[in-house]
1. Extension gain B:GLU101-B:ARG233, at 0.36 nm per residue separation less the Cα-Cα distance, in nm?
2. Counting only other chains, and only Cβ atoms inside 10 Å, what mean value do you get across the residues of A:232-244?
3. Would you compute, from DSSP H runs of 4+ residues alone, the mean residue ellipticity of chain B at 222 nm, taking -39500 (n - 2.57) per run and dividing by the full residue count, rounded to the nearest 500?
4. Distance from the Cα centre of the stretch B:154-229 to that of the stretch B:333-366, in angstrom?
5. With a Förster radius of 35 Å, plug the Cβ-Cβ distance of B:THR264 and B:ASP319 into 1/(1 + (r/R0)^6) and report the FRET value to the nearest 0.05.
6. For the pair A:ASP105/B:GLN123, report the inter-label distance in nm, with labels modelled 7 Å from Cα in the Cβ direction.
7. Determine the shape class of chain A: with a ≥ b ≥ c the square roots of the Cα gyration tensor eigenvalues, call it rounded for a/c under 1.5, and otherwise prolate if a/b is greater than b/c, oblate otherwise.
8. Compute the FRET efficiency between A:ASP263 and B:ASP212 as 1/(1 + (r/R0)^6), taking r as their Cβ-Cβ distance and R0 = 60 Å, and round to the nearest 0.05.
Amino acid sequence: MVDVMTFAFWIRPANLERLRRAFAECDERLGLGVLLHITPSNVPVNFAFSYVFGLLAGNANMVRVPSRTWPQITAISSTMSRVFESGDHEQVRRRTAILRYPRNDKITADLSAQCSGRVVWGGDSTIADIRRLPLPPRAVELVFADRYSLCVLGASAMTSLPDKVMHQLARRFYNDTYLVDQNACSSPHLVFWNHVPDEETEARFWNAVERVVRDNYALEPIKQVDKYTRLLRDAVELDGNAALCARHQEYLYRVRLKALPNDMEALRGRYGYFYEYHSEHLDDLAPVVTSRYQTLTYFGVSPESLRDLVIGNRLSGIDRIVPVGRALDLDVTWDGYDIIRSLSRFISVSGSDS
Amino acid sequence: MAYNASSDVRGGRTAARERLSGANAVAGFDVASLLDVAPYSLDHVTKSALFAEAMNALTRHHFSHCPQYRSMLEFLGISLDTHHVLADLPPLPVRLFKEFELLSCPRKDVIKTLTSSGTSGQQVSRIYLDRTNAGLQTRVLARIVASITGGARLPMLIVDSPAVVRDRQLFSARGAGILGFAMLGTDVTYALDEQMRLDHAAIAAFCESHADGPVLLFGFTAIVWQHLYKVLRDKGEKLPLRDASLLHGGGWKKLASQAVDPVTFDGRLRETCGVARAINYYGMVEQTGSIFLACSEGHLHCSNFSDIIVRRSDFSIADIGESGTLQLMSLLPTSYPGHNLLSEDEATLLGEDDCRCGRKGRYFHVAGRISQAEIRGCSDTYRAA
């Protein structure tokens, strides 16, 4: 359970201490009260992160976990029970409720009516469903909708990259994508090569990825049929604007776009299906980026230039710029929100003038 | 390209050419001449040559007549200037019939549209048939069914409701199946009424006329079990038939959940309905006509009109006995590009030309749908949970 380990690593004392220092100014803050968290059915450890975010912001938390009994959820919640039984964390225990109930609008409405804040992890349809259930007037809501993510590779930095480094990069790219079948909001679908790569560099990168995939990924029949179906659908729908680069013995599909379409975000590959675009100019991205865009992972490009791309062009999307390999690292800043500050209130205190 | 080539046998090609050199139909090869030979007669050498030839011809036909199909092949980099080994011709995933209107004939020539809900929810597949294609389906189905009935048209009891076949322009897969088979019978009688209850009067009349002679029963496996067998059993009744064959298909999934296996099914139908022979068939609405019948050994057989390939996840060809995703080829589809399909069914190739039943051709087993993948990621949290 790699994901449970990732969570355990994230809540280690050193990391929490780092966060405490980063949010030192937040001593002037208090939690909102009681939060209701609706967490995703298909990312089992997400509930634990959401819970800790709520706790760190100073709240009591009701966390609805999926009905499905994921071993990850069982492992984390039983560990929590054991820690609470020791009696050393009574304050925290009293502010904790992990809930499991079948989809039921009545229950969710009752809980919503009592909370000071609601955190909804997406799927646009889920958000639409939950939004119908009213909150108290002062309550805040944080929603994490469907997003789209991409990867920018600097072609010149990748030329003559030593094999070992190339392999490491491929491994990280794999972790961002195949590990979650490219279904996570922060998993890239588009690979934007900044500067046109020479053929050898491009081939070396993808062949390195293919090797990692061969060694680690279970190519299940239904996924493969799905991927192949998507390829043929693209053949019709992208007619003229795309060319199939390679299929890597079915382990990896690459489709090269001649132009970035305005509805780029509709092109979502899964199970190892990537759209590629070659460009001399990062700014080519500007016209297609919408508020749906979330994470940009990069290698061989300076983060400053990417920051300039977003801020200089006042883009409505891309709120996370991280190196390749860190696409899935959930943190207290997510989807453009400062979660700690969003789930707490600031007490402004002014001194008297006299 | 990923379709790993098998070692295609080229030896029988001349013979196949001769066979195909009759009057031709739409795609540049003659399927009609196959109607004159026994439907399970072609051995590997002859058949693989015939199929390589015919599938190349059909692929060229659909490439020229169906714009979307053409885009797909061009995208995959398949050039039709050269002859392709059978296994290298790319199959079309069945789901695409739900997403695109795929026709290889003028819209005005479509006389029948078959629909099927299939695997993924509300969207339906649409299969467009012109007169030629529809006629060929009927003739091939008749030829295949004749292998069990001996060729005579038999009195037929359809275990379903006539309500299913009411709209003659737009057929559901179930309706299309019933109408297709109904054409092969005489005194066609529906055993169920509009509400799917036994139509006692109709059944009694049918049994009275045909109690001693051979009759054909047709229905979907789950419906036969649920609406015929179980109802008779609960009432303690039996059908007074002595020489009935039952042709049934549609999958075992519903019955498996009630722990009913083929042996149990056959036994109960024999006791209750006088079914001397229950014959299971497998087929898909996308390839109506060239169905696969199970033999006395319980194996599904390709006829001369169809062939299969079982593929691994990386689309390489699975060994005999190894399960994989089923690819189906049929010589029939000309008005829509359904001649070479990638299904979402899991199957195992059991052998070729050497089944103990004596039929030539490949025989196989279908296990059901390829299992649903565990979808990872972060969407649809509330609805799904």
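1. Computed gain between B:GLU101 and B:ARG233 is 43.0 nm.
2. Average neighbour count from other chains, rounded to a whole number: 5.
3. Estimated from H runs of four or more residues: -8500 deg cm²/dmol.
4. The two parts, judged by their Cα centres, are 27 Å apart.
5. Taking R0 as 35 Å, the efficiency between B:THR264 and B:ASP319 is 0.70.
6. 2.7
7. Because a/c hits 1.5 or more and a/b exceeds b/c, chain A counts as prolate.
8. Working from the Cβ atoms, E equals 0.35.
Read the figures in this text as sums done on the coordinates, not as results from a lab. The structure displayed is predicted, hence computed values, not measured ones. Cβ: placed from backbone, ideal geometry, glycine included. Neighbour counts: every protein chain shown.
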